[in-house]
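Q: Dropping a structure here in structure tokens format, bear with me for questions.
The values are calculated or read from the model by the stated rules, or taken from the named source; none is laboratory data. Fair warning: this is a prediction, and the values are worked out from it, not measured in the lab. Quick reminder, even Gly has a Cβ in these numbers, built from the backbone with ideal geometry, and neighbours come from all protein chains shown. What goes into the accessible areas is simple: the full protein's heavy atoms, side chains included, and nothing from ligands, DNA or RNA. Shrake-Rupley method; radii C 1.70, N 1.55, O 1.52, S 1.80 Å.
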Amino acid sequence: MKFDMNQLQWTREPESYIITLDKIEIETKPHTDLWQRTYYHFRNDNAPVLQMETEEKYFSFVVKTEFKQSNHRFDQCGIVMYLDSENWLKGSIEYENDEFQHLGSVVTNKGYSDWATTEINASIKSMWYRLSRRVDDFCIECSVDGKKFQQMRICHMWKATGAIKFGIYACSPENSSFKAIFSHMEMTECKWLAHDGQAPDEV
């Protein structure tokens, strides 16, 4: 089980990026985003996404993000599993102002997005993410040091029934641009352990 840089494929290739053996740099373009319908009623589906495909039913994917240039509202970069325009998930930090930003996740099923967030200090300019799959259920975690991860979200993806694609994304929904840096990408056995608490309900 290995995250293979040679298997990465773009969904909407950006104009400016650099890919090396140990890191990926993406320069965002203004007015790029991933969002579907909910609350704002608009649909944005033009952010660059770089992913590899797998049929593995149980795995974890880890990546470190750095975004020192991020300084405009909603600038973001992070982890993604993009199946199609109406079915995807992402985890990232979205810049808000010089005091705080939003650490959060978006899950989009059947064309409707939600957004779960918590406020963190605007001085944070690096974050690790871990995406884990257990068949068609997923867990997104984050870490400031790449060692101790904290749960952000557990969710179900209706269309994740076979092969899926997962990887990274970066975008600037408003009139801005910044450089996002991704490194320490790794695919491992599933770090999200099977539930050992309450037994499932009988059908």
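Q: Which whole-number percent is the relative contact order of the chain (Cα, under 8 Å, 6+ apart)? Let's see the in-between values first.
A: Numbers: 533 pairs, mean separation 62.4, N = 203.
It comes to 31 percent, rounded to a whole number.
Q: Of LYS29/LYS159; LYS2/LYS125; LYS29/LYS147; LYS23/LYS57; LYS64/LYS110; LYS23/LYS64, which sit over 20 Å apart, Cα to Cα?
A: Values: LYS29/LYS159 29 Å; LYS2/LYS125 27 Å; LYS29/LYS147 32 Å; LYS23/LYS57 26 Å; LYS64/LYS110 29 Å; LYS23/LYS64 9 Å.
Result: LYS29/LYS159; LYS2/LYS125; LYS29/LYS147; LYS23/LYS57; LYS64/LYS110 exceed 20 Å.
Q: Can you tell me the relative contact order of region 9-96? Whole percent, Cα pairs under 8 Å, sequence separation 6 or more.
A: On the way: 103 pairs, mean separation 18.6, N = 88.
Relative contact order for region 9-96 comes out at 21 percent.
Q: Let me ask something additional. With every protein chain left in place, what is the accessible area per residue of the chain in square angstrom, probe 1.4 Å? The partial results should precede the final answer.
A: On the way: 10540 Å² over 203 residues.
I get 52 Å² per residue for this part.
Q: Check each of the trypsin sites (Lys or Arg not before Pro) in region 133-203 and keep only those in coil by DSSP with at most 11 other C-beta atoms within 10 angstrom; list them in order. Let's see the in-between values first.
A: On the way: sites: ARG133, ARG134, LYS147, LYS148, ARG153, LYS159, LYS165, LYS179, LYS191; in loops: LYS147, LYS148, LYS159, LYS191.
Answer in residue order: LYS147, LYS148.
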